[in-house]
1. Is the shape of the stretch 134-221 best called rounded, prolate or oblate, per the rule: a/c under 1.5 gives rounded, else a/b larger than b/c gives prolate, else oblate, with a ≥ b ≥ c the square roots of the Cα gyration tensor eigenvalues?
2. Answer with one residue from Ala106, Val339, Leu37: the one whose Cα lies farthest towards the positive end of the charge dipole of the chain, charges on Cβ with Lys, Arg +1 and Asp, Glu -1.
3. Amide H neighbours of Phe259 under 5 Å, at least 5 residues apart or on other chains, H built in the peptide plane: list them.
4. Return the distance in nm (one decimal) between the two label points of a simple spin-label model at Lys306 and Glu285, each offset 7 Å from Cα along Cα→Cβ.
5. Net charge within 9 Å of Val256 by Cβ-Cβ distance, Lys/Arg positive one each and Asp/Glu negative one each, not counting Val256 itself?
6. Does the stretch 225-322 come out rounded, prolate or oblate by the C-alpha gyration tensor, with a ≥ b ≥ c the root eigenvalues, rounded set by a/c under 1.5 and, if not, prolate when a/b is larger than b/c and oblate if not?
7. What is the magnitude of the charge dipole of the stretch 225-322 about its Cα centre, with +1 placed on the Cβ of each Lys and Arg, -1 on the Cβ of each Asp and Glu, and no other charges, expressed in debye to the nearest 20?
8. Under the 0.36 nm per residue contour assumption, what length would be gained going from the current alpha-carbon distance of Ser69 and Asp11 to full extension?
Amino acid sequence: MGEQQVKAGLDGVIATDTEISYLDVENEEIVLKGYDLIELAEKKNYLDLVHLLFEGSLPDQQGRLSMESALKKEYALPENFFDLFSMLPKETHAMDAMRTGISALAGYDSQIDDRSTAANRDKALKVLAKIPNIVANSYHTLQGENPIPANPDLPYSTNFLYMITGKEPTNLEAETFDQSLMVYSEHEMPNSTFTARVIASTNADIYGAMTGAVSSLKGNLHGGANEAVMHMLLEAETVEGMSKLLYEKLRNKERVMGFGHRVYMKKMDPRALLMKKALHKLAVERGREDLYEMCERGEDIIREEKGLYPNLDYYAAPVYYLLNIPIPLYTPIFFAARVVGLGAHVIEQHDNNRLYRPRVHYTGPRGLHP
Ligand SMILES: CC(=O)SCCNC(=O)CCNC(=O)[C@H](O)C(C)(C)COP(=O)(O)OP(=O)(O)OC[C@H]1O[C@@H](n2cnc3c(N)ncnc32)[C@H](O)[C@@H]1OP(=O)(O)O
Ligand SMILES: O=C([O-])CC(=O)C(=O)O
């Protein structure tokens, strides 16, 4: 094995070739199939991006419509599917309920063992079609509420938000939510994507890979941070409260959720910048400029004191709050948006597979006898 150096957390290690996406930190660009994710998020919508990742190109109007109608045909969940959620303890976290739902879908797929590109793409589209229903209605069921049926007259992402809140969103709400799905859609090789690819590399199916990815994403060093950020903002209450809380956290050497990133670290996550703009628009419209100012104050303090910048979760959280989304759904929504990226990665892994099986640097004892 020689003298290979262990990189804690596999920091900087190249895990695979990919044609899907790349974080070009030097040029501050998130490259997605040759496009800049931020430009896509400003000019296109979520289903364009789905088409780009699954079909390899941005769609024309017709292409977008036919993708949307294919998704709508798959919105429904198997009969009595919600019974699953009513059997869970009502304290079950929305991420765990969603994970159960995705895992259960496997049993309904008669082509579960077909790992061809076309079959995998069909499966990924099925998950994408059903995920708003699973996210929104596993939550409603656990809350003892009735499931909210999909409204097929609404565009995909508008319907997703409608199924969460039960109210038809305004244009600004629908556009902001769609943009949030775009920025969450794909991000190269985060822990959850790596998890999905590692699982897929055993020839396991896409449902298993995605179920593993949900588990990874739940942790607060990853997707769970958006929920934690909102609890922090609510605890702080005011701009002054935010200063007090953050200085206290810094004194206690606590990690501040929503700051730092393995790849950007000393630079602002470009997706956070976009969500910051979206937050400003929403905050002005809602008369909640105080929430925006709290976030800015937090950003200034952590930059000055730690040299750290906000990541996407820091600004996505207050955006979701102003969209009246229940806090436990923030991370499930992150996952739902990421289904497209994860789907693309599982397809790529199966198309050119080699089992992931690394080695270790053994530091334990030798030569013992029982
Ligand atoms: C969309 C996403 O999933 S983005 C990630 C969301 N997660 C969060 O927001 C959680 C808060 N952030 C963090 O914990 C980290 O920045 C991570 C996990 C995202 C990346 O961390 P890593 O690359 O592993 O860096 P690591 O954990 O080694 O930290 C390096 C140093 O920066 C400090 N640091 C990093 N992030 C933070 C933070 N948010 N608050 C305080 N200190 C921090 C660490 O304490 C450490 O300091 P030390 O060298 O004095 O011990
Ligand atoms: O890239 C990462 O490590 C985490 C992240 O920002 C994401 O998954 O969107």
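Each reported figure results from applying straightforward, stated rules to the coordinates on display, with no laboratory input. Keep in mind the model is a prediction, meaning the values are calculated, not measured. Note that each Cβ is placed from the backbone with ideal geometry, even for glycine, and that neighbours are counted across all protein chains shown.
1. prolate
2. Ala106
3. Hits under the 5 Å cutoff: Asn311.
4. So the two model labels end up 3.1 nm from each other.
5. With Lys, Arg at +1 and Asp, Glu at -1, the neighbours total +2.
6. It is oblate, given that a/c is not under 1.5 and a/b is not larger than b/c.
7. Result for the stretch 225-322 is approximately 480 debye, rounded to the nearest 20.
8. 16.7 nm
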